[in-house]
Structure formats: C-alpha cells, structure tokens
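Novice: Have a look at the structure that comes next, please.
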Amino acid sequence: MSSSGLYGMFGPTLSGYLADKVGLDLPWWVWSLGAWLLVAALGVLRVDLNGRVLGVLLSAEILVLVVLSVAGLGDPASGLPLTSLSPGGLFGWDPMVRLFFWGGTTGAFGVLCLLVATSLAVLAFFARAPRDENAWHRLIAPALAAVALLAMVWTGLANYATLLGVPPGSTESWAFPAAFGVAAVAGILYGLWLRSARPTVYQGIGLGAGTRE
C-alpha cells in the first residue's frame, strides 16, 4: 500500500516536470507503471544486483536533489509548476490524493500493525524459549512496545477518517483498516495449510533465500 502511494506521487510529479521542462507530455500512469515494472523486475533478480542498482539510483536521486536545490535558490519564484501536482486522475481519481495520500497513510498504518504483531511475536518466542536473555530484552521491552503500539493503533482506528480527510463513517474510513484484518486472517489460514501440507517449506520460513524445499 505504501508503494502504491509512492506511485501516486511519482507519476504525476515526473509527468508534470518532464512536460514543463522538455515538452514530453505523457499521462501520469505511464511513468507510474514504468516504475512499478522496474520494481517488479528487480524483485525477481538477485539481492546483490538489487543493491548495486539501488546504490546507483540513490546517488542519482541525491544528485537531482542537489541540482534542483541549487536551481531553486537561483530562481526561487519558479520551481515546479503547481499544475504538476493536480493532474487528471485515472477513472476520475486524483492520484495525489487517492494513491499518494490515502495509500501512504494506509500503508503506514499497516506497518504500525506489523510492529504490533512483531512485539507480540517476540513475547511469544521468548516465552517458549527464554534462552540467556535478561528480563528487559525478553519481556519488559517488548511488552512496553506492544502496549504503546496498540495504543497508537487504537488511536489511528478511532481517527482514521480524519487521517484520510474524509467524513466520519464514510466507506474509506473503515474499509481500508478492515483490509488488513482480512489479509491477516488469510495469512494465518495459509500458514496453517502450509504447516500441514508442506512442512518443509513452512520450517524454512525466515531462514533466508538460500533455503530449499
């Protein structure tokens, strides 16, 4: 979901910038789709290759930011055109709002939910196998983290309409958070099936990409 939000920012921004600077006027979704295909291709390649590609892209990003910053200092009144931030959306959707803002907010909420699950998993793990960890590492710290994160999740749920900028009780205010619950149930059911039907694969979860069935 966070990635979808980034595509909603990347496509419109790059589309408006290239149309303004070099006259290349293509729909925003063309650039977003190209970025998605690049990410998908890198996802199936080796990790070491991805690291080198990401290093090059990060260097290019820093260079672009430096150039734009210097250009902005030299001509502060111009900058990027505001029209690049409000392109026509696909099927009437504004990508900056529906993808970037809503997607980014929902993705961040999903990460928060994962952190809660991680804290609870740490408690469960050390409850089964305390090992040589002290009480702070295996009990107190993860318990405090779980309580704090659960409070944040509860606050986020109670104010989700405000986070999205939609009226209270609207479909978006409950459908987006509910999607994580559906995904969690589906993941648990799949894990239970995997443990019984393909135990070797199940036992290899978390052991790295080199694990073979």
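The values are calculated or read from the model by the stated rules, or taken from the named source; none is laboratory data. Everything quoted here is computed from the prediction, not taken from an experiment. With ideal geometry, Cβ positions are generated from the backbone for all residues, glycine too; neighbour counts draw on all protein chains shown.
Novice: Go through the residues of the range 190-205 one by one and say whether even a single one is exposed (fewer than 10 other Cβ atoms within 10 Å of the Cβ), without any contact (Cβ under 8 Å) to a residue 60 or more places away in the chain and touching a Phe, Trp or Tyr at 6+ places or on another chain (Cβ under 9 Å).
Specialist: Yes, some residue in the range 190-205 is exposed (fewer than 10 other Cβ atoms within 10 Å of the Cβ), without any contact (Cβ under 8 Å) to a residue 60 or more places away in the chain and touching a Phe, Trp or Tyr at 6+ places or on another chain (Cβ under 9 Å).
Novice: Name the pairs: first residue in the range 17-31 and at pLDDT 80 or above, second residue assigned to a helix (DSSP H, G or I) and of a type in the set (S, T, N, Q), Cβ to Cβ under 7 Å, at least 6 apart or on different chains?
Specialist: From residues that are at pLDDT 80 or above, the pairs are Asp20/Ser84; Leu26/Ser15; Pro27/Ser15.
Novice: Ok, one more. Among the residues of the range 124-140, which ones are exposed (fewer than 15 other Cβ atoms within 10 Å of the Cβ) and not aromatic (Phe, Trp, Tyr)?
Specialist: Passing the criteria: Ala124, Ala127, Arg128, Ala129, Pro130, Arg131, Asp132, Glu133, Asn134, Ala135, His137, Ile140.
Novice: Of all residues in the range 145-184, which are under 15 Å from Leu112 (Cβ atoms) and among the polar types (S, T, N, Q)?
Specialist: Hits for the range 145-184 are Thr155, Asn159.
Novice: Among the residues of the range 18-44, what is the count of those that are over 19 Å from Val56 (Cα atoms), surrounded by 15 or more Cβ atoms within 10 Å (Cβ to Cβ) and either under 17 Å from the mean Cα position of the chain (by Cα) or small (Gly, Ala, Ser) (or both)?
Specialist: Count: 2.
Novice: Within the range 158-173, can you find the residues that are hydrophobic (A, V, I, L, M, F, W, C) and surrounded by 14 or more Cβ atoms within 10 Å (Cβ to Cβ)?
Specialist: Ala161, Leu163, Leu164, Val166
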